[in-house]
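The values are calculated or read from the model by the stated rules, or taken from the named source; none is laboratory data. Small disclaimer: the values here were computed from a predicted structure and weren't measured. Every residue, glycine as well, gets a Cβ built from its backbone with ideal geometry; the counts of neighbours run over all protein chains shown.
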Amino acid sequence: MSRYFWMYYLLGLCSFTSQATLIPPPGFESLLEGQTEQIEVLLPGHSLGLFPVVVKPDTVQFMSPLMVLESSGLAALPAAERQKALAALSRPLLRNSNLVCGVSEAKDSSECGYVATDKEDVAVIFDENNGQLSLFLNRDWLPDEERRDKRWLTPTPEGVSAFIHRQTLYLSDDLHSRNMTLNGSGALGLGDGRYLGGNWAAIWNQSEHYNNSQTWFDNLFVRQDLGNQYYLQAGRMDQRNLSSATGGDFGFSLLPLSRFDGLRTGTTQAYVNHEVDQNATPVMVQVTRNARIDIYRGSELLGSQFLTPGMHTLDTHSLPPGSYPLALRIYEDGILRRTESQPFSKGGNSFSAQTQWFIQGGQEDTGDKASHYDGETVMAAGFRTGLRKNISLTEGISLAHEAWYSETRLNSQHAVLDGTLDLSAGILHGTDSTSGNTEQVTYNDGFSASLWRNHTESDACSGRHPQSVHASMTCQTSMNASLSVPVGNWYALLGYSTSRTEGRPVYRGYDDNSDKENVFWRQAYIPASHRESAQASATYNLNMAGMNINTHGGVWRTRNDGVNDDGLFMSVSVSYASQPPTMTGSNGYTSAGTDIHSSRNQKTQTSWNVNHVRSWQQDLYRELSVGFSGYNDDSWCGSLGGRMSGRMGELSATISNSHQRNAGSASSLTAGYSSSLALSRNGLFWGGGQDGEPASGMAVNVESEGDEGSSGKVVSVRGSSQPFSLGFGQQSLLLMEGYNATEVTIEDAGVSS
């Protein structure tokens, strides 16, 4: 197509004297009529193919606009929009050849490679030298993949039902006692949207005069998901799922909700696709090359995102709530190409307009068969809904210990100046005269300020109804306030807290014969107390020659039940990390510090510590640590520890020896091991441990090559745990949190023999 370039240039020279009509030189009249050529049409991010295009000196026109429309993915538009798009693709379009980046960059232009479609629905850039036509469409027409994602996630089709379990073992042994703790959580798939889940713990303690062992289940239930918005559970349950995606975002802080055996049903957020935030205005941007998008609110940088060529909806999860304009600075090849301004609005909670609810009932499980409350009927229900985009209302009621309780909560989140203001308040009322309220205010804008207050009371404080108040309820007023301000390398903090508890009698029932009709009562008394503390401190960080130096100091004052005390404190720590790692993958970290704490009522306390950690990152993570510490001049302690983490789990152990001037020396040993397993029709798989409650996992199996002499690692796996490598005939399990989309990367390790 370059053969026509000199013709167009000559035509331009010959026609500059005519303003109304282009008069080509003799023999070139056909150029005004245009030449039909096969041009590659590019939609940012991919090629649509070759299409016939009429090329004229100033314009281009598609010969088959319907084919272009269908190839662009616009055929699914509503009929009216589709006709509008077809008409726009049928018109002659300005060539905009001056915006080809190879041409404009030579002229120091930063607007190359892009044409906005705010005024025109369709625009192009014709690259004559390469025979390519970049097509820019109205952003509302484009089939954006992120926005086309369904609101609800669906399970992976390749998934199979399995038993998945995470287990952890802790051991400790010292001069006076031995302890062992086992805990685990798991799920057994029972079919489509149905599983048996739970978590358990077992402890064993032995000392000179006491032996004890216990085993219990905190949760053990069968769950059936009813579509992607509702669920039904039966079994033993506590309230933890009511503050998670599986059960909702209720977060009651005052309402009595105890562990029970029974039924629970309600709405679930487990299948919500969090990549689609329907409570925020979609922010779309189109780029023609790999680009970095800097997102600004005024002069405040809110974040940066890296995009490949194409049309994208920006991830707005980290953007603060509120309504404000966004300035998008678009960098391609490190050069600021353009700045776009788009309006933005976001509520404080995703899908806050969606109403959530739950209903539950059964018999209370206190874990103590002698308790008077064990086996009593308990019920609860609640709902949460969005009043406005930034305000949500939560209401809950419960029946416990023959009394009804209700809690009402309001949560709000707003953009104020350049920060985020969070407000929450809750009120509790009970038929046994129990009442309470809680308030919290936080603001973050470079500095951070917070205020929290909580108050509960009942007739039990005066002794009128000591048996009716819920066991977890106290007659107490607490308040915390803090303000932290960064100033250069300094960080200043002011803090204040107070807590006042009213004295009250309590009665606890016990029954040696488990006869609920004959319960014996014993009385105890919770004494009144009043505690108050205040602190002002400052922290200074300095990095010098690869060392990080941290100093922290301040003043404090306390009042505990009428006893006043005040003093000073100061600490200094120095740390150094080897950077970059050595050729063997080894890293070193060394730290040392000292702390001085003075008090008007006690002598000055001084402590010090020195620690060194050496780690190796190649495939199997290994760590060796050694530490020494001392307190005043009468006690010392030394420790030696190690840790390994890989595809078979995580193992750790520490040996320590402490010495006190008046008590002699004592040694201790602690150890732990965590791992996971999955059993399915595909076999048994073992993997590393992970916190949380697993409900899914991914098994990676490398088939045997068949050559007995083959060795080495052939694939590298990166996912939800420590990266690891596998060789021929090896397998491992990657544990994953249930109801979450997880990305796992499996690639050639590049090392095999």
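Of all residues in the stretch 662-688, those satisfying the criterion of being under 30 Å from GLU158 (Cα atoms) and either outside any strand (DSSP E or B) or in contact with a helix residue (DSSP H, G or I) (Cβ under 7 Å, 6 or more places away or on another chain) (or both) are ARG681, ASN682.
For ILE330, state whether it is at pLDDT 80 or above, more than 22 Å from VAL124 (Cα to Cα) and not in a loop (DSSP other than H, G, I, E, B).
Working: at pLDDT 80 or above: yes; more than 22 Å from VAL124 (Cα to Cα): no; not in a loop (DSSP other than H, G, I, E, B): yes.
Answer is no for this residue.
Tell me yes or no: at least one residue of the stretch 276-283 is hydroxyl-bearing (Ser, Thr, Tyr), surrounded by fewer than 18 Cβ atoms within 10 Å (Cβ to Cβ) and modelled with pLDDT of 80 or more. Before the answer, list the steps.
So the first thing to find is which residues in the stretch 276-283 are hydroxyl-bearing (Ser, Thr, Tyr), and the list is 281.
From the residues that got through so far, the ones that are surrounded by fewer than 18 Cβ atoms within 10 Å (Cβ to Cβ) too are 281.
From the residues that got through so far, the ones that are modelled with pLDDT of 80 or more too are none.
Checking the stretch 276-283: not a single residue is hydroxyl-bearing (Ser, Thr, Tyr), surrounded by fewer than 18 Cβ atoms within 10 Å (Cβ to Cβ) and modelled with pLDDT of 80 or more.
Could you tell me how many of the residues in the stretch 183-193 are surrounded by 15 or more Cβ atoms within 10 Å (Cβ to Cβ) and assigned to a strand (DSSP E or B)? Going through the stretch 183-193 one residue at a time, the tally reaches 7.
Residues of the stretch 84-100 that are at pLDDT 90 or above and of a type in the set (S, T, N, Q): SER90 alone.
Quickly run through the stretch 289-327 and pick out the residues that are among the acidic types (Asp, Glu) and either part of a loop (DSSP other than H, G, I, E, B) or at pLDDT below 80 (or both).
Residues of the stretch 289-327 among the acidic types (Asp, Glu): 294, 300, 315.
Matches in the stretch 289-327: GLU300, ASP315.
Any residue at all in the stretch 147-165 that is under 33 Å from the mean Cα position of the chain (by Cα), of a type in the set (S, T, N, Q) and assigned to a strand (DSSP E or B)? Checked against the condition, which is being under 33 Å from the mean Cα position of the chain (by Cα), of a type in the set (S, T, N, Q) and assigned to a strand (DSSP E or B), the stretch 147-165 yields no hits at all. Scanning the stretch 480-515 for residues that are of a type in the set (D, E, K, R), modelled with pLDDT under 65 and closer than 26 Å to SER458 by Cα turns up just one, ARG508. Just give me the residues in the stretch 564-591 being among the hydrophobic types (A, V, I, L, M, F, W, C) and at pLDDT below 90, in sequence order. Correct list: ALA577, MET583. Applying the set (1) closer than 30 Å to GLU364 by Cβ; (2) at pLDDT below 90 to GLU120 leaves exactly one unmet item: (1). In the stretch 407-461, which residues are within 22 Å of PHE383 (Cα to Cα), among the acidic types (Asp, Glu) and assigned to a loop (DSSP other than H, G, I, E, B)? Of everything in the stretch 407-461, nothing turns out to be within 22 Å of PHE383 (Cα to Cα), among the acidic types (Asp, Glu) and assigned to a loop (DSSP other than H, G, I, E, B).
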